[in-house]
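Down below is the structure, laid out as structure tokens.
The values are calculated or read from the model by the stated rules, or taken from the named source; none is laboratory data. All figures in this text were calculated on a predicted structure; none of them were measured in a lab. Positions of Cβ are backbone-derived with ideal geometry, glycine not excepted, and every protein chain shown enters the neighbour counts.
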Amino acid sequence: MTVLRWTSIHTVGVVANPHAGRGEGAAEAAIASLFEHLAGREIVVCRGSFADEVARRSGTARRAVTVPGAGGPPTAEQSAARLAAEGVDLMIGIGGDGTLCDIAAALLAADSRIPLYGIGIGSSNVGPLVSATGDRIARIDWDRVAPVDVHGLQAGISGRPLGVAFNDVVCGNTYFATRNGRRVDLAAADKIRGVERPATPRTVCGAGTWLAKNGQRVLSGADLPMEQIIASPLNRVETCAGKAVSGFLSWGPYVGMHAVVAAASSIMVRTKLSIDDATAAEPLHLCHIGIGPDDLVEVGGFLPNAVIVIDGNPAHILSPEETLQLRLKQGAIAVLREISAS
């Protein structure tokens, strides 16, 4: 493992989302702490962004670059793309899992190997792009971080790319959102149409739903009742390997798989999941299909209004005849992680 040489880092791009789980106050506190910690480095931000505003209010020296075509404050993805084009030595993202995934997607689209240091201030902070949480900024030891390759999943429809997931691709009718500090289930199709409303997670699978790997059908709703299909790259698999139950939920950690598709007999991706919900789903049936570097997994036969949700962001409303295609993006981006003292 190659340790980052902090002396080689001269310019640092900063992207922040003030609307992440813990809100604008947490984001501003994290940015202010980060700016103090980056003394001696040139800070680069996008003009009109939240990071730019915090720097202005705090009197922090920074270089602001313009995002062409941005009608208002640039998005995290627009900011990351612009800073990557500027050629910064390090990208720091501040936000939740969704924000960090947007930044990573921009780096991947730019074919950039700029390392990402993700600071989580969201409601979950469980994704593989989180290097540290906001309360640890003052304790970051830049001499003890190293780049680690993180895998992603390319999702597409009939050959048209939709986006890359670093957490998961979910086929469903709802998505997670944070409102007033609480996680809620919202209607995914309505979000794409520009409307926001609460919704109850329901299955978008039926007897005609099927999964195929490299052109061969391997599972159908007629073989196994399916209520939810989720695909995820396998990063940080050491948290599962060697554990009797959590490990057996996916054999990926044991055999070196980089991604897996899971078909479940009950809906488990929801903001509220109680012991009664889990008991009602018993016995839970899970089927797994591994995705390797050369594999193509396809999923089709969804019910009307099924939505492809990529890293928590509704991306596409499927028509019944459309097919979801999944391919591995091995080592998609480099994420900085702290290494142990040993």
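For the stretch 173-202, the set of residues classified as more than 22 Å from LEU303 (Cα to Cα) and among the β-branched types (Val, Ile, Thr) consists of THR178, VAL184, listed by residue number.
Total residues in the stretch 134-155 satisfying the condition of being without any contact (Cβ under 8 Å) to a residue 40 or more places away in the chain and either surrounded by 15 or more Cβ atoms within 10 Å (Cβ to Cβ) or aliphatic (A, V, I, L, M) (or both): the figure is 0. Summed over the stretch 259-282, residues that are basic (Lys, Arg) and either in contact with a Leu (Cβ under 9 Å, 6 or more places away or on another chain) or surrounded by 15 or more Cβ atoms within 10 Å (Cβ to Cβ) (or both) total 1. Residues in the stretch 283-323 that are of a type in the set (A, V, I, L, M) and assigned to a loop (DSSP other than H, G, I, E, B) were compared, and the one that is farthest from PRO201 (Cα to Cα) is LEU296.
Candidates ALA30, ALA81: the one that is surrounded by 15 or more Cβ atoms within 10 Å (Cβ to Cβ) and under 26 Å from PRO161 (Cα atoms) is ALA81. Restricted to the stretch 182-194, and to residues there that are of a type in the set (A, V, I, L, M, F, W, C) and closer than 12 Å to PRO314 by Cα, the residue that is surrounded by the most Cβ atoms within 10 Å (Cβ to Cβ) is ALA188. Meeting the requirement of 1 or more residues that are more than 24 Å from the chain's Cα centre (by Cα), modelled with pLDDT of 90 or more and closer than 27 Å to ASP143 by Cβ, the strands (runs of 3 or more DSSP E) wholly within the stretch 32-122 are 42-46, 63-65. Do we find a residue being in the same structural domain as VAL269 (by TED's automatic domain parsing), among the β-branched types (Val, Ile, Thr) and outside any loop (DSSP other than H, G, I, E, B) anywhere in the stretch 210-226? Yes, the stretch 210-226 contains a residue that is in the same structural domain as VAL269 (by TED's automatic domain parsing), among the β-branched types (Val, Ile, Thr) and outside any loop (DSSP other than H, G, I, E, B).
The residue of the stretch 156-181 that is surrounded by the most Cβ atoms within 10 Å (Cβ to Cβ), among those that are among the aliphatic types (A, V, I, L, M) and under 13 Å from the mean Cα position of the chain (by Cα), is ALA165. Considering only residues of the stretch 156-185 that are of a type in the set (S, T, N, Q) and under 26 Å from ALA26 (Cβ atoms), which is modelled with the highest pLDDT? By that ranking, first place goes to THR174. State yes or no: is ALA155 over 16 Å from ASP311 (Cα atoms), small (Gly, Ala, Ser) and in a strand (DSSP E or B)? When the stated conditions are applied, ALA155 does not pass them. Residues satisfying the criterion are present in the stretch 10-21 (criterion: assigned by TED's automatic domain parsing to the domain that holds ARG136, surrounded by fewer than 19 Cβ atoms within 10 Å (Cβ to Cβ) and within 18 Å of LEU107 (Cβ to Cβ)).
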